[in-house]
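Engineer: Got a structure for you, written out below as structure tokens; questions coming shortly.
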Amino acid sequence: MASTETTPVQDSGSVEAGLDALETSATGRPTLRQTLVGKILPPIVAIAVVLVIWTLLYPVVDDPTKLPSPGAVGSAFKDAWLKGDLLGYIWTSVSRGLLGFVFALLIGTPLGLLVARVKFVRAAIGPILSGLQSLPSVAWVPPAVIWLGLNNSMMYAVILLGAVPSIANGLVSGVDQVPPLFLRAGRTMGATGIRGVWHVTLPAALPGYVAGLKQGWAFSWRSLMAAEIIASFPDLGVGLGQLLENARTASDMAMVFEAILLILFVGIAIDLLIFSPLERWVLRSRGLLVKS
Amino acid sequence: MATTTTLAKADETVEYAARLDHVSKSFATPRGQQLVLDDISIDVAPGEFVTLLGASGCGKSTLLNLVAGLDRPTAGSIATDGRPALMFQEHALFPWLTAGKNIELALKLRGVAKQDRRAKAESLLELVRLKGAYGKRVHELSGGMRQRAALARALAQESNLLLMDEPFSALDAITRDVLHDELTRIWQETGVSVLFVTHNVREAVRLAQRVILLSSRPGRIAREWTVGIPQPRRIEDAPVAELSLEITDVLRGEIRRHGQH
Ligand SMILES: Nc1ncnc2c1ncn2[C@@H]1O[C@H](COP(=O)(O)OP(=O)(O)OP(=O)(O)O)[C@@H](O)[C@H]1O
Ligand SMILES: [Mg+2]
């Protein structure tokens, strides 16, 4: 310690710089071409294949009341668009779905925290909460209609019952999977109590929470469609579920297909636009997303 | 038996960074109470570098946890000069924050004002020679860089005592040698006291002013050496090798006793 000879120490700095450079690999962003070939082309090919099979199958079935032609479905879309109804159908359902999801978020998050952190609450309602996830939310439609009547609150109730357990359970498993090492590291830095929850537990639990949100959205959308199909009522405004139910009553197979495709695409679109980017961002920023 | 953990008050003049007074620790196991640490008394002087050496499972991590206040002793008392900083074998950096923000979190929890944090974090990164790593995510750093960032975060707590639990044991030998140099330099620059745990005899001798050997089951202080070799040392230096040999022989003797039942 008393020695003034510092050669080895100075030397280690440059060795270190070399080691750092050797051990860190440069990663670049994918080029536009790579994105095009890797991400965008495959689904387009898949859709084209489906359309080809459909076109080939149409003359074989030869019964437009069972299988409409792609052209008929296309003109059903066109008609709805020209009448200005298409966006209305979508908006009615999407606004319900997202609003219901936001309510589910506001209820599911504190509920999940309570279950994760309070032993008594976990023992009391933990098993029920995970059991509820396997109950098809369409089962809630009849009681919701009886309790609340045929109105929007009934729809929201069904969405909540479908999505809240997913969101809460996602948060619980996220919190359960927080490595104890992080908690100990936080405690030695003085992050205890509420500061520990805020600075360590919650951010560490984020991947599980986001997975729960993603699943919660899928459940919200499914429950909403079930509710709209079963409890269609003209005064509520026509959403995608009602559109499907109306098409069935009118025996208009092209419109049935139109409604089913819309339900599918909206569900996928919300996932692709909101939840998948959110999930990828969370995972990538932690180095948990392995690029293939 | 007193079982207290005290933090020395600011106005007292303390002549130790940590004082362990007849500390024992036992855990409840299915086969009854298991005594892991038995009657350990250690004083770490301010600015002193002490290594705790012992075989795997002898209770080194348990002891550090006690000093860090993460667990309480079964008997005896532990006093430290302020809250110690603790560095683990795994870097324990938070993956949702950048290297710089990890350090800033430690500063924030210590109560450093927001506008001062960035500059402080940058200078700590510079101290561990990680200039330019401020915005890097943990997974973008190499093993050695992660441990240095973790060291910077521990230093951000500005504790008088730095506890290190085998922080370099997962690194390759080349990186480890370099980090030994760095740790020695930083210890000399900052004047922090270090209690460093390892099962690597040469590492213990390379770094410490004092080496304490723990026996196993239960962990007791077996022997203690004062290392007079001047810093900076290298792990290959003849005096380091010589003392390591002597300590290894004693350590082997301790381990051998367990095979003679
Ligand atoms: N929470 C616990 N409950 C029961 N036994 C424990 C607990 N923590 C540690 N032990 C026991 O105490 C002993 C010492 O453990 P410790 O982790 O302190 O050893 P160590 O010296 O750090 O070992 P290593 O070199 O492998 O890190 C071990 O036998 C372990 O099984
Ligand atoms: Mg250990």
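Engineer: Can you return the lysines within cross-link range of residue B:25? Criterion is Cα-Cα under 17 Å, with same-chain partners fewer than 8 residues away left out.
Structural biologist: Residue B:25 reaches B:60.
Engineer: Report, as an integer, the average count of C-beta atoms from other chains found within 10 Å of each Cβ along B:82-95.
Structural biologist: Values: counts 0, 3, 1, 2, 5, 2, 4, 1, 3, 2, 9, 2, 8, 9.
That works out to 4 on average.
Engineer: How long, wide and thick is the protein assembly as shown, going by the Cα atoms along their three principal axes, in whole angstroms, largest first?
Structural biologist: 96, 55, 55
Engineer: Now a separate question. Give the lysines reachable from residue B:108 as a straight Cα distance under 16 Å; neighbours fewer than 8 places away on the same chain don't count.
Structural biologist: Hits, sequence-local ones excluded: B:120.
Engineer: Using a 1.4 Å probe on the protein heavy atoms only, what accessible surface does residue A:66 show? Give it in Å² to the nearest 10.
Structural biologist: Estimated to the nearest 10 Å², residue A:66 gives 130 Å².
Engineer: As a test, work out the antiparallel percent of DSSP beta bridges whose residues both lie in the stretch B:70-202, rounded to the nearest 5. Don't jump to the answer; show the numbers that get you there.
Structural biologist: Working: 1 of 9 bridges.
Approximately 10 percent, going by the DSSP bridge assignments.
Engineer: Could you tell me what percent of the DSSP beta bridges with both partners in chain B are antiparallel, to the nearest 5? List each step's numbers first, then the result.
Structural biologist: Values: 20 of 41 bridges.
The antiparallel fraction comes to roughly 50 percent.
Engineer: Calculate, axis by axis, the spread of Cα positions in chain B along the three principal axes, and write the results as whole Å, longest axis first.
Structural biologist: Cα spread of chain B along its principal axes, largest to smallest: 59, 44, 40 Å.
Engineer: Along the positive direction of the dipole of the stretch A:90-285 (beta-carbon charges: Lys, Arg +1; Asp, Glu -1; about the Cα centre), which of A:219, A:266, A:143 reaches farthest?
Structural biologist: In the stretch A:90-285, that residue is A:219.
Engineer: Only loop residues by DSSP count here, and only those with at most 12 other Cβ atoms within 10 Å; note down the trypsin sites (Lys or Arg not before Pro) in the stretch B:125-205 that meet that. Provide the component values of the computation, followed by the final result.
Structural biologist: Values: sites: B:129, B:131, B:136, B:137, B:146, B:148, B:153, B:176, B:185, B:202; in loops: B:129, B:131, B:136.
Passing sites in the stretch B:125-205 are B:131.
Engineer: Ballpark to the nearest 100 Å², how much total accessible area do B and A bury together, probe 1.4 Å? List each step's numbers first, then the result.
Structural biologist: On the way: alone 12960 and 18140 Å², together 27650 Å².
The B and A chains share an interface burying roughly 3400 Å².
Engineer: Per residue, how many Å² of accessible area does the protein assembly as shown show with a 1.4 Å probe? The partial results should precede the final answer.
Structural biologist: Numbers: 27650 Å² over 553 residues.
Per residue, the protein assembly as shown has 50 Å² of solvent-accessible surface.
Engineer: Just checking the output field for A:185-198: average partner chain Cβ neighbours within 10 Å of each residue's Cβ? Show your work: numbers first, answer last.
Structural biologist: Values: counts 13, 5, 4, 17, 15, 8, 4, 1, 0, 0, 2, 1, 0, 0.
That works out to 5 on average.
Engineer: Taking chain A as the reference, fit the longest principal axis to its C-alpha atoms, fit the long axis of helix A:240-249 to the helix C-alpha atoms, and give the angle between the two in degrees, 0 to 90, nearest 10.
Structural biologist: Around 30 degrees separate the two axes.
Engineer: Rounded to the nearest 20 debye, what is the charge dipole size of chain A about its Cα centre when +1 sits on each Lys and Arg Cβ and -1 on each Asp and Glu Cβ? If you can, show how the numbers build up before the last one.
Structural biologist: Details: 20 positive and 17 negative charges, 119 e Å.
I would put it at about 560 debye.
Engineer: Another question about this same structure. Would you mind classifying chain A by shape? Square roots of the alpha carbon gyration tensor eigenvalues, ordered a ≥ b ≥ c; an a/c under 1.5 is rounded, otherwise it is prolate if a/b is larger than b/c and oblate if not. Each step should come with its number before you reach the end.
Structural biologist: Numbers: a/c = 3.62, a/b = 1.60, b/c = 2.26.
Judged from the Cα gyration tensor, chain A comes out oblate (a/c at least 1.5, b/c at or above a/b).
Engineer: A further question on this structure: If you take the beta carbon distance between residue A:153 and residue A:106 as r and set R0 to 22 Å, what does 1/(1 + (r/R0)^6) give as a FRET efficiency, to the nearest 0.05?
Structural biologist: Numbers: r = 16 Å, r/R0 = 0.72.
Taking R0 as 22 Å, the efficiency between residue A:153 and residue A:106 is 0.90.
Engineer: Sticking with this structure for a sec: Return one number: the angle in degrees, 0 to 90 and rounded to the nearest 10, between the long axis of the Cα atoms of helix B:238-258 and the longest principal axis of the Cα atoms of chain B.
Structural biologist: 50
Engineer: If you place +1 on the Cβ of every Lys and Arg and -1 on the Cβ of every Asp and Glu, how big does the dipole about the Cα centre of the protein assembly as shown come out, in debye to the nearest 20?
Structural biologist: Values: 54 positive and 49 negative charges, 136 e Å.
The calculated dipole for the protein assembly as shown is roughly 660 debye.
Engineer: If you don't mind, another one. Dipole of chain B (Lys/Arg Cβ +1, Asp/Glu Cβ -1, origin at the Cα centre): which of B:94, B:62, B:248 lies farthest to the positive side?
Structural biologist: Positive-most Cα among the choices belongs to B:94.
Engineer: With label points built 7 Å along Cα→Cβ from the Cα atoms of residue A:272 and residue B:188, find their separation and express it in nm.
Structural biologist: Result: 6.2 nm between the two label points.
Engineer: Then there is this: Suppose we flag GluC sites (Glu not before Pro) only when DSSP calls them loop and at most 14 other Cβ atoms lie within 10 Å. Which is the longest uninterrupted stretch of chain B?
Structural biologist: It works out to B:16-235.
Engineer: Can you compute the helix-only [θ] at 222 nm over chain B? Use -39500 (n - 2.57) per DSSP H run of at least 4 residues, normalise by all residues, nearest 500 deg cm²/dmol. Mind showing how you got there, number by number?
Structural biologist: Values: 7 runs with 95 residues, N = 261.
It comes out at -11500 deg cm²/dmol, rounded to the nearest 500.
Engineer: Further, regarding this structure: How much length is gained on full extension from residue B:26 to residue B:224, taking 0.36 nm per residue of separation minus their Cα-Cα distance?
Structural biologist: Numbers: separation 198, 0.36 × 198 = 71.28 nm, distance 2.34 nm.
Answer, rounded to one decimal: 68.9 nm.
Engineer: For the stretch B:220-259, give the magnitude of the charge dipole about the Cα centre (Cβ charges: +1 Lys/Arg, -1 Asp/Glu; no others), in debye to the nearest 20.
Structural biologist: Computed charge dipole of the stretch B:220-259: roughly 240 debye.
Engineer: Please work out the FRET efficiency for the pair residue B:75 and residue B:249, using the Cβ-Cβ distance as r and a Förster radius of 22 Å; give the result to the nearest 0.05. Can you show the working numbers first?
Structural biologist: Numbers: r = 32 Å, r/R0 = 1.44.
For R0 = 22 Å, the calculated efficiency reads 0.10.
Engineer: Pick out which of B:33, B:188, B:89 has the largest mean-square fluctuation in a Gaussian network model of chain B, springs linking Cα atoms closer than 10 Å.
Structural biologist: B:33
Engineer: Would you mind getting me the FRET efficiency between residue A:261 and residue A:52? Use the beta-carbon distance for r and R0 = 22 Å, nearest 0.05. Intermediate results must be reported in sequence, preceding the final value.
Structural biologist: On the way: r = 17 Å, r/R0 = 0.76.
The value I calculate is 0.85.
Engineer: Could you tell me how far the Cα centroid of the stretch B:14-58 sits from the Cα centroid of the stretch A:62-88, in Å?
Structural biologist: For the stretch A:62-88 versus the stretch B:14-58, the Cα centre distance is 78 Å.
Engineer: In the protein assembly as shown, with Lys and Arg counted as +1 and Asp and Glu as -1 at Cβ, which of these residues, B:164, A:70, B:113, has the Cα nearest the positive end of the dipole, that is, farthest along it?
Structural biologist: It is A:70, whose Cα lies furthest towards the positive end.
Engineer: For the Cα atoms of chain B, what angle does the longest principal axis make with the long axis of helix B:114-127, in degrees from 0 to 90, nearest 10?
Structural biologist: 60
Engineer: For every helix of n ≥ 4 consecutive DSSP H residues, a contribution of -39,500 (n - 2.57) applies; sum these over chain A, divide by its total residues, and give [θ] at 222 nm rounded to the nearest 500 deg cm²/dmol.
Structural biologist: Details: 14 runs with 214 residues, N = 292.
When only DSSP H runs of four or more count, the value is -24000 deg cm²/dmol.
The values are calculated or read from the model by the stated rules, or taken from the named source; none is laboratory data. Just so you know, these numbers come straight off a predicted model, no measurement behind them. Heads up, the Cβs are rebuilt from the backbone with ideal geometry, glycines too, and the neighbour counts pull from every protein chain shown. Note: accessible area is taken over every heavy atom of the protein model, side chains too, but ligands, DNA and RNA are not part of it. Shrake-Rupley method; radii C 1.70, N 1.55, O 1.52, S 1.80 Å.
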